[in-house]
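The values are calculated or read from the model by the stated rules, or taken from the named source; none is laboratory data. What you see is a predicted model; the values in this text were computed from it and never measured. Here Cβ is always computed from backbone atoms with ideal geometry, including for glycine, and neighbour counts include all displayed protein chains. Protein only, heavy atoms only, side chains kept; ligands, DNA and RNA dropped before computing areas. Shrake-Rupley method; radii C 1.70, N 1.55, O 1.52, S 1.80 Å.
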Amino acid sequence: MKFWILILCFLFIPPVSTTCYNLGSLQCWPEEIQEMILMISGEDTYRYNCSGKTDEEWYKTGVKRVGWGIYYVTAGIFFQLIGWPVLYIFLTKFSMTHALKVYRVMVFIGLIEITEVWGNSIWPGIVAIFGEVYCTSPRITTIAGKITMVQWVLGSSSAVFLGLHRITDLSQKGEWLVNTNLKTSFWLALLSVYSIYGSIFYDTILFNSQYMAPIFNPMTGQEGIVYSNNFLYFHNIIVSVLLISVYTLLCYLWMSRDMHASSHHVSKFQRSILYQSICISLTYAVPACSFASMFLFTTPAWFFHASDITYQLSGGLPFIMYISLNQKVQDEFLDLVGICPGKRHKAVAPTGNSAMNSYISGTAKI
Ligand SMILES: *[C@@H]1O[C@H](CO)[C@@H](O)[C@H](O)[C@H]1NC(C)=O
């Protein structure tokens, strides 16, 4: 209860600073919301003013990069094609019973990632192909920026949560914090509020064909205006530190535990989950670290683009990892796309890799 009051206070601090209370008129809303609404409706605001040039002139300020564009779009569509079937398999073929509760968190992250691909891979690809800048399509650039920021913040903090969830399981301490679906949903809801708050009240990340990276400056050529996003700045630093330390602790706990593991099956189950969690966390830790260093140091322009590629890949790589690391997902996926239908189940020999995951297929229910 106290948490909710705290959250509500947090949310309602900005409106208090304005003096009018008529929620029907836009002027009474916090400045950040007014700005966001105007940007989404494609109108000029004081800080994002596109009236200086015509569309044609704005296109001249962008850079067409057809090769990169095709790569971004193709990769994005490929991730959609493999991501949705993997999520479908997770949702329908895995029993989300007590021991497999952790899969709910993975599916949650998976849903964020598969939808994030539209904003961090397919849309940037289109931007690159046509050489767009903020002013050539303010509406969609703003919407994509606001939504991908929610997805990035929520996905990366959920990856930290996944790590902590694993720590409670391995160390058998603090399990009461996450031991029911209601509690897990509560934490994820809290993270969602945090992400949406950050996205609404701080400057939008705008994908720009000149840098091939999401940057805050709309490049409208207005002078003396500062665009910054301290929320994202601190989030990226905190999340890089947390991801690295949480997963280091997790590996440490795992290694010190392995020696006296009593149940073989339990440890196999946990090891497989551990590998998959580490993969998810890495896909977030790499872009988080490089975004954080983009803020902390003066980096060359190519570094912006390199960071964006790690970010763009983070939406789809986990699905490739699930297919290669999780035997059950792999079998079901190959069945689904029609490679050796029906045959593979029997053909799977208990090799190292499949044994690792055999708990899922029912041989080791815990
Ligand atoms: C945008 O800039 C133009 C001049 O460049 C100015 O006339 C107009 O008032 C500005 N719009 C806003 C909303 O500040």
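Structural remarks
- Yes/no for I244 being open to solvent by less than 70 Å² (accessible area, probe 1.4 Å), among the β-branched types (V, I, T) and outside any strand (DSSP E or B): no
For every residue, the table says whether it meets (1) modelled with pLDDT of 90 or more; (2) surrounded by 18 or more Cβ atoms within 10 Å (Cβ to Cβ); (3) in contact with a strand residue (DSSP E or B) (Cβ under 7 Å, 6 or more places away or on another chain).
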position: I273; (1), (2), (3): no, yes, no
position: S277; (1), (2), (3): no, yes, no
position: L296; (1), (2), (3): no, no, no
position: D308; (1), (2), (3): yes, yes, yes
position: Q312; (1), (2), (3): yes, yes, no
position: I320; (1), (2), (3): yes, no, no
position: Q327; (1), (2), (3): no, yes, no
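- Selection within region 51-97 - open to solvent by 20 Å² or more (accessible area, probe 1.4 Å) and within 16 Å of the ligand (Cβ to nearest atom): S51, G52, K53, T54, D55, E57, T61
- G42, sole failed condition from (1) away from the ligand (no atom under 11 Å from the Cβ); (2) surrounded by 15 or more Cβ atoms within 10 Å (Cβ to Cβ); (3) part of a loop (DSSP other than H, G, I, E, B): (2)
- Test: residue in region 137-156 that is in a helix (DSSP H, G or I), open to solvent by 30 Å² or more (accessible area, probe 1.4 Å) and either hydroxyl-bearing (S, T, Y) or within 20 Å of F304 (Cβ to Cβ) (or both): no
- Residue count for region 234-257, restricted to those that are within 25 Å of S195 (Cβ to Cβ), touching a Leu at 6+ places or on another chain (Cβ under 9 Å) and aromatic (F, W, Y): 1.
- Pairs, first under 21 Å from L162 (Cβ atoms) in region 191-211, second hydroxyl-bearing (S, T, Y), C-beta under 8 Å, six or more apart: L191/S157; L191/S158; Y194/S157; S195/S157
- Within region 38-56, residues that are in contact (Cβ under 8 Å) with a residue 12 or more places away in the chain and under 15 Å from Q27 (Cα atoms) sit with their Cβ atoms under 7 Å from residues that are more than 10 Å from the ligand (Cβ to nearest atom) and not in a loop (DSSP other than H, G, I, E, B), at 6+ positions apart or across chains, in these pairs: M39/P138; M39/T142.
- Residues that are more than 23 Å from V153 (Cβ to Cβ) and surrounded by 14 or more Cβ atoms within 10 Å (Cβ to Cβ) within region 172-195 comprise just one, N179.
- Any chance G24 is crowded, with 17+ Cβ neighbours inside 10 Å, away from the ligand (no atom under 15 Å from the Cβ) and modelled with pLDDT under 95: no
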